[in-house]
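Following: one structure in C-alpha cells, then a few remarks.
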Amino acid sequence: MAFETNMRFKFSILAISLQILIIILFGIFVRYDTNHHTVSKNATGEDDTFIDLYPLFQDVHVMIFVGFGFLMTFLKRYGFSSVGINLLIAALGLQWGILMQGLWHLHDGKINIDILKMINADFSTATVLISFGAVLGRTSPIQMLVMAILEIAVFASNEHLVAFLGASDVGASMIIHTFGAYFGLAAAAVLYRPGLKKGHTNEGSVYHSDLFAMIGTLFLWMFWPSFNSAIAEPGLPQQMAIINTYFSLAACVLTAYAFSSLVEHKGKLDMVHIQNATLAGGVAVGTCADMNIGPFGAMIIGFTAGIISVVGFKFLTPILASKLKIQDTCGVHNLHGLPGILGGIAGIVAAAMGAKDGSSPVMQGAALAATFGISVVGGTITGFILKLPFWGQPPDQNCYDDTLYWEVPLEEEEEEHDNHYQDQHGKNKIEA
C-alpha cells in the first residue's frame, strides 16, 4: 500500500509538471508556420502541402498509437500497460519531440509548426516506443516518462548529426529503428534483474493476448509504406519509397513464415515470429526506400530481413539474456535492431551503386556507426538514471502485471466471486 500511495503522488506530480513545462515552452517558442516554403499549390495558387501530407501523417499516427500499442499486448497480464503506457509515452513524446527537433531549426527564435514537423515528432516518439518494448513489464510509468524525455533529446541530436553528415535515411532504418533498439537494449542491460533470470509466471502469452498483438502487426504492416514515404521528396522518390516498402514487406512475410516453420518443432509456426518478423522488411528497406534499387532489390532486402529476424528470435534472444544479461521482453533486437543495421548496410551498398544522387557510402557508413554508438551510450546513461530508487521500479514479483498500476475490473470480479464463494462455503460448513 505504501508503495502504491508513494507512486501515485510521484507519477501525478511528474506528469502534470511536465505538461505545464511543455505548455510554457510552446508559448515561448512555437507558432504556426505561415511561411510557404513548399511547391505544392492548388488551382488558386495556395499552399496545399499540409492537406496533401495529412493522410500520410494519419497513417503514421495510427502506427504509433494503435500498431505499436497492440503489438505489445502479447503478455497475458500486461495488456492495459502495453496499450495505455504506449498512449502516455506517445502523447508526451510528440510534444517534446516538436521542441527537441525544432530547437535545431529555429526561425527568428521560433519553431514553425507544419505537417512535416508533426510527422517528425511522431517519428521521435517511435524511438521511445521501440525502447519501451525492450523493458516492457519491468519499468514503472514514471520511469517511462523519464526515458521519453531523455531519449528524445538524444534522438534529436543524433538525427541532426545524421543530416549534417548528408546521409540519406528517409524511412529511418538507422535513426529510428537502430537507435531505438540499441538505446532500449543498453538501458535494459543496466536494469538487468537477476531475480528474473529464470523467467516470471506472467512473462508469457495466452491465446487471446497473442491475437490482440496480431492486430498491432496488421496495422503496422498495412501502413508501413506511409511511414517510409511520409517525408520523402514529392514525386518519383516518394513513389519509389511506397513501392519499395510494399514489395519488401510482401517478400518478408513469406520468408518469415517459411523460416518459422523451418526452425520450430514439427514445422509448426510460432506466433512470436509472425507478429514481429513479418514487419522486418519495412524496417530494413527504410534507409534506401526512396532510392532506385528496383522492386527486386527491395524484395531481396525484405527476404533477408525475414530470415535474420526469425533466426534472431529463435537463437539470439536466449543468448542475449544468458550471456549479455539483456532481458529483451519484445525482442526489439530482432525486429528493429538487426533489420535496422541491415537497412543501414543496404543504404551503403545502394549509395555505392549510385542509387541516389548525392548519396555517399562513406557518409552512410558514418551515420550508421554514429547512430549505433550514440544510442548505446545514451541508453546506458539513461539506464543508470532510471535505476535510481526514487523512480519506483516495480518489485520482481510485480513485474508483467497490470494490477500494480491499474484498476483491473476482471480481477475485482474474480476477487468478489472468490470472497462470495468462501463466505458461502463457510456458511454451508457451519450449517452442516
If you take every residue apart from residue 210 with its C-beta less than 11 Å away from the C-beta of residue 210, what net charge results, scoring Lys and Arg +1 and Asp and Glu -1? 0
Where does the charge balance sit around residue 355 when Lys and Arg score +1, Asp and Glu -1, over other residues with C-beta under 14 Å from its C-beta? -2
At q = 0.14 Å⁻¹, what is the base-10 log of I(q)/I(0) for the chain according to the Debye formula with one equal point scatterer per Cα and no solvent? Please give it to two decimals. -1.30
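Could you provide, to the nearest whole Å², the per residue accessible area of segment 213-283 with probe 1.4 Å? Present the calculation step by step, with values, prior to reporting the outcome.
Numbers: 3030 Å² over 71 residues.
On a per-residue basis, 43 Å².
Subtracting the Cα-Cα distance from 0.36 nm times the residue separation, let me have the gained length for residue 268 to residue 396 in nm, one decimal. Could the numbers behind the result be given before it?
Details: separation 128, 0.36 × 128 = 46.08 nm, distance 3.28 nm.
Length gained between residue 268 and residue 396: 42.8 nm.
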Fluctuation leader among 121, 15, 134 - the chain, Gaussian network, Cα springs under 10 angstrom: 15
Sorted by accessible area (1.4 Å probe), largest first, how do 138, 31 line up? 31, 138
Helix axis angle, 361-386 relative to the chain longest principal axis, alpha carbon, degrees: 30 degrees
Taking the chain as a Gaussian network, Cα atoms linked when under 10 Å apart, which of 255, 403, 73 shows the biggest mean-square fluctuation? 403
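If you stretched the chain out fully between residue 239 and residue 381, how much longer would it get, using 0.36 nm times the residue separation minus the C-alpha to C-alpha distance? Could the numbers behind the result be given before it?
Details: separation 142, 0.36 × 142 = 51.12 nm, distance 3.98 nm.
Stretched out fully, the residue 239 to residue 381 stretch lengthens by 47.1 nm.
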Distance between the C-alpha centers of segment 223-288 and segment 356-370? Whole Å please. 23 Å
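When the Kirkwood radius is taken over all Cα pairs of segment 64-223, what Stokes-Einstein diffusion coefficient follows at 37 °C and 0.692 mPa s, in µm²/s?
Details: Rh = 16.5 Å.
After rounding, the answer is 199 µm²/s.
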Rg and Dmax of segment 98-165, Cα atoms, in Å? 13.4, 44
For segment 313-355, shape from the Cα gyration tensor axes a ≥ b ≥ c, cut at a/c of 1.5 then a/b versus b/c, turns out prolate
Between residue 261 and residue 197, Cβ-based FRET efficiency (R0 30 Å, step 0.05) works out to 0.50
What nm value, rounded to one decimal, do you get for the distance between residue 160 and residue 116 when each label is placed 7 Å out toward the C-beta? 1.7 nm
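Quote the FRET efficiency, to the nearest 0.05, computed for residue 48 versus residue 218 with a Förster distance R0 of 30 Å and r equal to the Cβ-Cβ distance.
Values: r = 31 Å, r/R0 = 1.04.
The pair residue 48/residue 218 has a calculated efficiency of 0.45.
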Residue separation between residue 388 and residue 296 times 0.36 nm, minus their alpha-carbon distance, gives in nm 28.2 nm
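So what's segment 273-417 giving for Rg/Rh, alpha carbon basis, Kirkwood Rh from the mean inverse pair distance? The partial results should precede the final answer.
Details: Rg = 20.3 Å, Rh = 18.1 Å.
Rounded to two decimals, Rg/Rh equals 1.12.
The values are calculated or read from the model by the stated rules, or taken from the named source; none is laboratory data. Remember, it's a predicted structure, so these values are computed and weren't measured experimentally. Reconstructed Cβ throughout: ideal geometry from the backbone, glycine too, with neighbour counts over all protein chains shown. Just so you know, the surface numbers come from the protein's heavy atoms only, side chains and all, with ligands and any DNA or RNA stripped out. Shrake-Rupley method; radii C 1.70, N 1.55, O 1.52, S 1.80 Å.
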